[in-house]
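Engineer: Quick one: this structure, given as structure tokens, is what I'll be asking you about.
The values are calculated or read from the model by the stated rules, or taken from the named source; none is laboratory data. Note that the coordinates shown come from a computational prediction; the quantities given were computed from them, not determined experimentally. Cβ placement follows ideal geometry from the backbone for every residue including glycine, while neighbour counts extend to all protein chains displayed.
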Amino acid sequence: QLSAVVAILEDLNLLETIKVVGLAKQKEEIFLPKESHALDTDAEQPGVQLLRRVRDEAHRFAVSFHRQQRLKKSRRSRLDEIPGLGFARQKQLLAHFHSIDYIREASLEQLQQVSGIGKALAQEIYRYFHPSS
């Protein structure tokens, strides 16, 4: 990861301006850019402990962010793709028809019977599920 950051900073001509170090996870070794050997440090030094905490917090944040993204993606529905159909109306459709399959099978008239679904939106929904119609 350190080499990736170094490459980006070099591309931006910022390597001399922004100082970076890498902290290896298992042995808690500190590496400087373009150095093949770790710095000789005591793991109990306050500076090393601070670097460890910063690294661990960055890792926790990244894992949390990726979990949120994965959860958000798993909650996506085909209904999200229909223009003009927001979350509240999606809930109304699902409460009325109980599944996306039943929504797909619904006629234009049946779609319009759902509270909050007018003629134009019913047509959008119907066209989404029946593009050749």
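Engineer: Within the stretch 76-111, how many residues are among the aromatic types (F, W, Y) and either farther than 19 Å from E124 by Cβ or surrounded by 12 or more Cβ atoms within 10 Å (Cβ to Cβ) (or both)?
Structural biologist: 2
Engineer: Between a first residue in the stretch 33-60 that is without any contact (Cβ under 8 Å) to a residue 60 or more places away in the chain and a second residue that is in a helix (DSSP H, G or I) and not basic (K, R), which pairs have beta carbons less than 6 Å apart while being 6 or more apart in sequence or on different chains?
Structural biologist: Final answer for the pair search is P33/V6; T41/V48.
Engineer: Right, another one. With respect to the numbered conditions (1) within 30 Å of E10 (Cβ to Cβ); (2) at pLDDT 95 or above, which one is the sole condition not fulfilled by Y126?
Structural biologist: (1)
Engineer: OK, next. Conditions: (1) exposed (fewer than 10 other Cβ atoms within 10 Å of the Cβ); (2) at pLDDT 90 or above; (3) of a type outside the set (A, V, I, L, M, F, W, C); (4) assigned to a helix (DSSP H, G or I). K73 meets all but one. Number of the miss?
Structural biologist: So K73 meets the others, but not (2).
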